[in-house]
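Please treat every number below as a calculation from the coordinates, not as lab data. Because the structure is predicted, anything quoted here is derived from the model rather than measured. Reconstructed Cβ throughout: ideal geometry from the backbone, glycine too, with neighbour counts over all protein chains shown.
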Amino acid sequence: MFKYTLEATDGSARAGSFTTPHGVLQTPAFMPVGTLGTVKSVSMDEVRATGAGMVLANTYHLYLRPGQELVRQLGGLHPFMRWDGPILTDSGGYQVFSLADIRQIQDDGVVFRSHIDGSEHLFTPESVMDIQRTLGADVIMAFDECPPGGCDRSAAEEANRRTLTWLERCRSRFDEIANEREAPEQALFPIAQGNVYDDLRRDHVRQISDLGDWHGYAIGGLSVGEAKPDMWRTLEVLDPVLPTDRPRYLMGVGYPDDLLEAIARGCDMFDCVAPTRNARHGTAWTLDQGQVNLKAARFREDTRPIDPGCDCHTCTHYDRAYLRHLVAASELLAVRLVSIHNLRFLVRLGEEARAHIRAGTFASWKTDWLEQYRRERSGR
């Protein structure tokens, strides 16, 4: 049911195909984030029209609302979301980092205080497997501890130890569920931690590999506050130690330049809330002008699309002047239309990177693209 085929390389950049029970994901690929079973402000038909091949949902949030049992009763995550392609669910491990003020970490698991009603909930490796098995995503993530960027070495070592112990428990419960009841075909991805400490990163990958075979590997604990050069160096450290015949999922990275830098360092799959979050603030990505704020007065009479080179629904139907009006008037349509563009911008970037990797022209194309994007962005 799960297979990764490496089709071409250009330096460390990789083009491949990841086969799942709900379809094949062509990599490198950006995956839109549907935290609560929806990509904010857009329908799944609109997400599909962006060319996205796989989407995410979040275990922690769906557990709290509407609850995994209700999702199961309604047919599972795919019909619930109206998405027939591959789905990946995060384990809730990122919330260990992002909800630091309302959680308590212990060796057994993590106690969260609900951001909805203040109630307490214990997430353990076993319960996280139960929830994700019930939701029914194609790829499910092991429960991990994600320490903040810039943490000291002892904190990173402790997070590695706990994450490895939790991974063993996740694997055990994952296999038990398969023997206990009929469950959908799912792939369990481990998450490699180690912060920005090179030796800890290498050791963690080795320790994870020693636990058995995996359908893919996730890289966690980056884009959480560390400096960009540290992120790039860490990916360069991981590239030669991660298996070449498995997909590599870099968690939480999705700004355009970050995406290309990570592809150049051997990563295949990406997710981030930035496309829709930026759209809610009227911010769009373009190649000809970098990152732009559509509220700017200079767009008041601008009849060009957001990005003249973009083929998305927004750019083929609307101009900057109209979008500027919608953003300035706080119209909900603005969020939807700019979200569609931003999502397509990242999905298309993955498509273009793939084509250039296969053609052997990725390195030069990436350099030219980043120079133009960063030059235009820095000027505005």
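Taken as Cα centroids, the stretch 141-214 and the stretch 309-380 sit 34 Å apart, rounded to the nearest whole angstrom.
Just so you know, the Rg over Rh for the stretch 26-90 is 0.96, from Cα atoms, with Rh as the Kirkwood radius. Rounded to the nearest angstrom and listed largest first, the equivalent-ellipsoid semi-axes of the stretch 280-378 from its Cα gyration tensor are 27, 14, 10.
With the simple model of a label 7 Å out from the Cα in the direction of the Cβ, Asp311 to Gln104 spans 5.5 nm.
DSSP H helices in the chain with Cα extent of 27 Å or more along the helix axis and mean Kyte-Doolittle hydropathy at least 0.0? Mind showing how you got there, number by number?
Numbers: long enough: 153-180 (40 Å, -1.22); 332-359 (41 Å, 0.49).
Helix filter hits for the chain: 332-359.
Roughly how large, in nm² to one decimal, is the mean projection of the convex hull of the alpha-carbon atoms in the stretch 209-353? Write out the running numbers ahead of the final one.
On the way: hull surface 39.7 nm².
Value for the stretch 209-353: 9.9 nm².
Each other residue within a Cβ distance under 11 Å of Gly212 adds +1 if Lys or Arg and -1 if Asp or Glu, for a net charge of -3. Its residue count N sets the reference 2.2 N^0.38 Å, and the alpha-carbon radius of gyration of the chain equals 0.97 times that reference.
Based on Cα contacts under 8 Å between residues 6+ apart, the stretch 280-378 shows a relative contact order of 35 percent.
Around the Cα centre of the stretch 280-378, unit charges on the Cβ atoms of Lys, Arg, Asp and Glu (plus for the first two, minus for the last two) sum to a dipole of about 260 debye.
Starting from the Kirkwood Rh over alpha-carbon pairs, what translational D in µm² s⁻¹ does the stretch 171-267 have by Stokes-Einstein at 37 °C and 0.692 mPa s?
On the way: Rh = 14.4 Å.
Estimated diffusion coefficient is 227 µm²/s.
For the pair Glu301 and His61, label points projected 7 Å from Cα toward Cβ lie 4.1 nm apart. Binning the alpha carbon pair distances of the stretch 163-212 at 10 angstrom intervals from zero yields the distribution 23, 44, 24, 8, 1, expressed in whole percent.
Normalised by the number of residues in the chain, the mean separation of alpha-carbon contacts (under 8 Å, six or more apart) gives a relative contact order of 18 percent.
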